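I have placed the structure first, in the form of structure tokens, so that the comments after it can refer back to it.
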Amino acid sequence: MTSRMEKGASQQTSLLDVLKKKMRQAREEAEQAKDEADEVKRQLEQERKKREDAEAEVAALNRRIVLVEEDLERTDDRLKIATQKLDEASKAADEAERLASKIN
């Protein structure tokens, strides 16, 4: 009977050791999974920041394009006005030369 009790106690101890070992492994796996999740979260945040920075840069460049296009349009308008004034001045100069040659 003592042998049976010792055998039972020995089995309980080894079962308890097995359970402790499994719990330790489960804790280690959970910790490793948490570490991996934290790393993935950190990488995700970095990628999100990069995307937000790129989107902000695109928006700034689009605003710059609009401003440059507006400036180009104003410059074209000023060029047309200057060209018209030059044509008018050239015609007036030609007319003045024609009149001067008639007088002389």
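In the chain, a dipole from Cβ-located charges (positive for Lys and Arg, negative for Asp and Glu) runs towards its positive end, and of Ala92, Gln32, Gln46 it is Gln32 whose Cα lies farthest in that direction. Each Lys or Arg adds one and each Asp or Glu subtracts one; over the other residues with Cβ under 14 Å from the Cβ of Glu29, this totals +1. Taking every pair of distinct Cα atoms and averaging 1/r, then inverting, what Kirkwood hydrodynamic radius in Å comes out for region 19-78? Hydrodynamic radius (Kirkwood, Cα pairs) of region 19-78 is 15.9 Å. Cα-based radius of gyration for region 44-104, normalised by 2.2 N^0.38 Å, reads 2.49. What is the Cα radius of gyration of the chain over 2.2 N^0.38 Å, N being its residue count? Dividing the Cα Rg of the chain by 2.2 N^0.38 Å gives 3.45.
Each value in this text was obtained by applying a stated rule to the coordinates, not by laboratory testing. Predicted model only: the values in this text are computed from it and were never measured. Every residue, glycine as well, gets a Cβ built from its backbone with ideal geometry; the counts of neighbours run over all protein chains shown.
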